[in-house]
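Peer 1: The following block contains the structure, expressed as structure tokens.
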Amino acid sequence: MEPIELSGAGLTPLTAVALGQRRTPVRLGEVARKRMADSAAAVTEIARHQPVYGRTTGVGANRDVLTTDPEHGTRLLASHSTTGTTPYPRDVVRLGLLIRVNQLAAGGSGLAPEVAEAIVTLLNEDDLPDLHRGGAIGTGDLGPLAELGLALGDVIDGTSALPLLSSNAITLAECCLAYVEASTLINVVPLVGALSHVAMRGNAEVYDVRVHEARPQPGQVRVATRMRGLLAGLPLAAARIQDPFGLRAFAQVLGPAVDHVDALGNALRIDINASAENPLVAGGTVLHNGNWHAMPIALALDSLRLSLHSVATLSTSRVANLVDPDFTGLSRFLASGAEASSGVMMIEYVAHDALSAVRSTAQPATLGTATLSRGAEHHASFAPQAAVLTTQLLDALREVLACELVTAVRAIRLAGITPDDLAPASIGPWLADALVALPPALADRSLRDDLEIARGLMTQWGDRQVEHPAEAG
């Protein structure tokens with residue numbers, strides 16, 4: 001397989017994730033190699049005439065302590081490799097190393113090209129170092145990148161350790177993976193919602209183009225367009241003049257999540273291609289700066305999680321409507337068989353258990369505060385923590401949606417609706433998929449396996465339906 005060139009430009013979150021997951025060979029471009037060599041030569045000359053943070057000085061509150069110790073960088077890596085004991089998953093490490101090479105290729109770090117090439121060798125040989133969580137709070141992944149520096153050995157000389165640490169590359173890797181998962185899941189929500197619409201014979205007026213031209217919020221407009229595509233020509237008469245919020249406000253609640261996942265993708269695209277180095281080597285000078293601060297990423301993650309909490313809440317409201325005969329005309333809890341059967345009664349409990357997990361992980365990580373290093377560093381974005389919370393929330397949201405999918409399909413079965421009954425609406429083939437995948441037995445039984453099947457089915461649907469508008473910029 002021909003290696004993909006990393007040049008410090010043009011990498012998107014989706015492409016980065018695909019390169020990492022496929023273990024595609026990569027290489028440092030020649031232009032990037034020269035850019036790094038020029039930057040390394042420039043900072044060496046500059047350091048002869050003026051202090052350069054981390055190179056001729058200590059770090060943090062030791063920024064005012066000058067040093068000529070040739071082993072300063074070695075000691076810096078050793079001390080900063082203090083982390084917790086939980087390792088990062090290998091896919092996060094692989095993607096993080098790829099992102100760091102791409103950032104270094106953008107120039108500005110002062111690191112020699114041999115450093116980037118050594119990381120490329122680790123990637124291509126799948127010889128990944130063990131990197132650990134702990135110590136990263138959104139001001140640079142200091143601990144794990146120090147571990148990477150130690151793994152690189154002599155290619156990092158005693159004066160150039162700090163530039164390797166001046167990055168949030170490992171955090172960005174987790175964020176890129178979460179972005180792809182969020183994009184995928186958000187694009188599945190309309191399929192699940194459309195099946196609930198069928199089961200409850202919803203009123204499709206809520207997706208009329210005139211409604212959304214009257215309030216053209218971008219994400220809302222896109223969701224309404226998608227729903228019109230799924231439900232256009234649906235031959236089932238609406239059961240109500242006005243539906244409950246779970247159907248009536250579907251586009252208005254999912255729309256902001258669409259907008260926020262786009263915003264996250266755009267923020268990530270900037271940072272994985274950025275020369276966000278401190279100090280930044282710019283021509284014949286160095287510029288000490290705060291580009292290590294991950295606040296744009298942290299805020300994008302927090303906003304996305306808050307919007308997804310509302311998506312999950314509205315999903316549980318549709319589950320509540322689906323088990324209510326007043327909205328379906330079917331039996332209580334969609335039960336079948338003997339009197340007083342419970343049907344999907346427990347599905348609601350599972351959904352609200354998962355919703356509780358969504359709620360707890362939706363709390364904004366950026367509300368945290370930190371004062372460190374004798375007051376020299378008194379703010380942090382907590383982007384790494386936001387990334388972990390986002391991954392956890394997405395897993396819980398998938399469980400909520402699985403509950404809705406199982407319930408909606410059961411209601412459609414009980415109503416005797418078939419995919420052919422839905423033609424020409426394009427939701428029909430998706431219903432056919434679900435009817436084949438989910439067990440048809442309606443007597444009281446454990447629905448655990450059904451939920452697991454629904455989770456897997458949504459993964460398959462997501463692979464076929466995902467859109468990534470932020471990739472186009």
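The values are calculated or read from the model by the stated rules, or taken from the named source; none is laboratory data. Note that the structure is a prediction, hence the values are computed from the model and not measured. Cβ sites come from the backbone with ideal geometry, for glycine too, and all protein chains shown count toward neighbours. These accessible areas exclude ligands, DNA and RNA; they are computed on the full protein's heavy atoms, side chains included. Shrake-Rupley method; radii C 1.70, N 1.55, O 1.52, S 1.80 Å.
Peer 1: Has the stretch 390-401 got any residue that is of a type in the set (Lys, Arg) and touching a Leu at 6+ places or on another chain (Cβ under 9 Å)?
Peer 2: There is at least one residue in the stretch 390-401 that is of a type in the set (Lys, Arg) and touching a Leu at 6+ places or on another chain (Cβ under 9 Å).
Peer 1: Would you be able to tell me the number of residues in the stretch 62-93 that are acidic (Asp, Glu) and without any contact (Cβ under 8 Å) to a residue 60 or more places away in the chain?
Peer 2: Here the count works out to 1.
Peer 1: Restricting the search to the stretch 51-76, which residues are more than 15 Å from residue 158 (Cα to Cα), open to solvent by less than 80 Å² (accessible area, probe 1.4 Å) and either in a helix (DSSP H, G or I) or touching a Phe, Trp or Tyr at 6+ places or on another chain (Cβ under 9 Å) (or both)?
Peer 2: Of everything in the stretch 51-76, those that are more than 15 Å from residue 158 (Cα to Cα), open to solvent by less than 80 Å² (accessible area, probe 1.4 Å) and either in a helix (DSSP H, G or I) or touching a Phe, Trp or Tyr at 6+ places or on another chain (Cβ under 9 Å) (or both) turn out to be 60, 61.
Peer 1: Kindly state which helices (runs of 4 or more DSSP H) lie completely within the stretch 215-319 and contain at least 3 residues that are among the small types (Gly, Ala, Ser). Quick ask: steps written out before the conclusion?
Peer 2: Values: elements: 218-231, 245-248, 250-272.
Result: 218-231, 250-272.
Peer 1: When the stretch 134-162 is examined, which residues are found to be among the aliphatic types (A, V, I, L, M) and in a loop (DSSP other than H, G, I, E, B)?
Peer 2: Selection gives 136, 137, 156, 161.
Peer 1: Additional query: Given 31, 43, 17, 92, which one is more than 23 Å from residue 125 (Cα to Cα), among the aliphatic types (A, V, I, L, M) and open to solvent by less than 20 Å² (accessible area, probe 1.4 Å)?
Peer 2: Exactly one of 31, 43, 17, 92 is more than 23 Å from residue 125 (Cα to Cα), among the aliphatic types (A, V, I, L, M) and open to solvent by less than 20 Å² (accessible area, probe 1.4 Å), namely 43.
Peer 1: Let me ask you something else. Being modelled with pLDDT of 95 or more, of a type in the set (S, T, N, Q), out of contact with any helix residue (DSSP H, G or I) (no Cβ under 6 Å at 6 or more places or on another chain) and within 27 Å of residue 239 (Cα to Cα) is the requirement here; does residue 407 meet it?
Peer 2: It is false that residue 407 is modelled with pLDDT of 95 or more, of a type in the set (S, T, N, Q), out of contact with any helix residue (DSSP H, G or I) (no Cβ under 6 Å at 6 or more places or on another chain) and within 27 Å of residue 239 (Cα to Cα).
Peer 1: Do we have any residue at all in the stretch 65-85 that's more than 20 Å from residue 145 (Cα to Cα) and hydrophobic (A, V, I, L, M, F, W, C)?
Peer 2: Yes, because at least one residue in the stretch 65-85 is more than 20 Å from residue 145 (Cα to Cα) and hydrophobic (A, V, I, L, M, F, W, C).
Peer 1: Okay, next question. Could you list, in sequence order, the residues of the stretch 123-147 that are among the acidic types (Asp, Glu) and under 19 Å from the mean Cα position of the chain (by Cα)?
Peer 2: Across the stretch 123-147, the qualifying residue is only 141.
Peer 1: Let me ask something else. Of everything in the stretch 149-182, what is over 21 Å from residue 382 (Cα atoms), buried (at least 24 other Cβ atoms within 10 Å of the Cβ) and modelled with pLDDT of 95 or more? Give them in sequence order.
Peer 2: Result: 149, single match.
Peer 1: Restricting attention to the stretch 229-250, which residues are more than 16 Å from residue 422 (Cβ to Cβ) and open to solvent by less than 20 Å² (accessible area, probe 1.4 Å)? Break it down stepwise before answering.
Peer 2: Here is the first cut: in the stretch 229-250, the residues more than 16 Å from residue 422 (Cβ to Cβ) are 240-250.
Across the stretch 229-250, the qualifying residues are 243, 246, 247, 250.
Here's the yes/no breakdown for (1) within 29 Å of residue 250 (Cα to Cα); (2) touching a residue at least 60 places away in the same chain (Cβ under 8 Å); (3) of a type in the set (A, V, I, L, M); (4) in contact with a Lys or Arg (Cβ under 8 Å, 6 or more places away or on another chain):
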| position | (1), (2), (3), (4) |
| --- | --- |
| 379 | no, yes, no, no |
| 393 | yes, yes, yes, yes |
| 399 | yes, no, no, yes |
| 418 | yes, no, no, no |
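Peer 1: If you don't mind, another one. When the residues of the stretch 163-178 are narrowed to those that are over 8 Å from the mean Cα position of the chain (by Cα) and not in a loop (DSSP other than H, G, I, E, B), which ends up farthest from residue 53 (Cα to Cα)?
Peer 2: 173
Peer 1: Still on this structure, please answer the following. Please enumerate the residues belonging to the stretch 105-132 that are within 19 Å of residue 143 (Cβ to Cβ) and either basic (Lys, Arg) or assigned to a helix (DSSP H, G or I) (or both).
Peer 2: Within the stretch 105-132, 115, 119, 122 meet the criteria.
Peer 1: Across the stretch 266-301, what is the total count of residues that are under 28 Å from residue 20 (Cβ atoms) and crowded, with 22+ Cβ neighbours inside 10 Å?
Peer 2: Looking only at that region, the number is 14.
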